[in-house]
Amino acid sequence: MTDRARGSNEQALNEEFAQFSVGGQRVYGMLHRPTGEAPAHGWPSVILLHGFTGSRTSDHRLFPLLSRYLAARGVASLRFDFRGSGESHGDFSEMTVTREVEDTLAAFDYVRRQPGLDPQRVMLLGFSMGGLVAAQSATQARPHRLALWAPALPELWLPFLRGGFLPATITDYNGWPLGRDFLQEVTRLRPLDAAATWGGEARVFHGDQDRTCPPEYGVRYAQALHCDAIAIPGAGHTFDNLEQVALLFRETTRFLTGG
């Protein structure tokens, strides 16, 4: 049996729906806790940020499987849908990085209030655009540790600016109403500068065959964060291989637990 499979079967699940408000809109998620009696200072935890057009399940259930894997190893987690994504309130046309940073900070407030969780050991993990949002959030959120999976950079969205111009209104992106405000903001962001100002413990994980966010993106984040970049051999952007996922989960957990 793989580590991925064991993570969801080796102990009973302790999961509950989570919700909190940001700007008068409800954000929905799932809180995973380890079973058994919490340590004196509470369990460490990690907040998971999904990518562009994603949700709290992420690709091929990466996030719920990671949450259960972590819970089996003594780490709680919160995975949630950004406003305008998944089941949370709001429309995708309103989505901007600034709004997702606001959601992330509200998620930290929520987790730090939870009984049985250590408010000093709340970590942050962002995947793809969630990695960019995590880098933008770190200085304000003050995570205990920061993990980035295949983090995006603003140049990923430059092709949306045809001829260098912003679209007048909404762009129909495969059925997603992509707002002008998002494109105007994201292409001006400097997430590497934001990452460089944080100064905490970090690690970057990137597939060496990623064609969406090239491995160079991960190297640049690692340089800004002064941290290691872990290559997942053969992996594309969403780690679409069971052995790759098992390695990703093992290495991520080793970092989050202090390895």
Quiz item: Is at least one residue of segment 132-143 under 18 Å from T104 (Cβ atoms) and touching an Asp or Glu at 6+ places or on another chain (Cβ under 7 Å)?
Solution: yes
Quiz item: Across segment 37-84, what is the number of residues that are more than 15 Å from A18 (Cβ to Cβ), among the aliphatic types (A, V, I, L, M) and in contact with an Asp or Glu (Cβ under 9 Å, 6 or more places away or on another chain)?
Solution: 2
Quiz item: Considering segment 177-213 alone, what residues qualify as being of a type outside the set (A, V, I, L, M, F, W, C) and either crowded, with 18+ Cβ neighbours inside 10 Å or under 20 Å from P143 (Cβ atoms) (or both)?
Solution: G179, R190, P191, D193, T197, G199, G200, E201, R203, H206, G207, D210
Quiz prompt | First in segment 211-234 and among the polar types (S, T, N, Q), second anywhere and part of a loop (DSSP other than H, G, I, E, B), Cβ under 7 Å, 6 or more apart | solution = T212/H237
Exercise. Please specify each residue of segment 205-259 satisfying the condition of being more than 21 Å from F63 (Cβ to Cβ) and acidic (D, E).
Key: D208, E216, D228
Exercise. Give, as residue ranges, the strands (runs of 3 or more DSSP E) completely inside segment 115-183 that count at least 3 residues that are more than 11 Å from the chain's Cα centre (by Cα).
Key: 117-127, 171-173, 176-178
Quiz prompt | strands (runs of 3 or more DSSP E) fully within segment 13-114 counting 2 or more residues that are among the small types (G, A, S), on the phi < 0 side of the Ramachandran plot and surrounded by 20 or more Cβ atoms within 10 Å (Cβ to Cβ) | solution = 76-80
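Any read-out appearing in this document is the output of simple, stated calculations on the displayed coordinates, not a laboratory observation. The structure displayed is predicted, hence computed values, not measured ones. For neighbour counting, all protein chains shown are included, and Cβ atoms are generated from backbone atoms with ideal geometry for every residue, glycine included.
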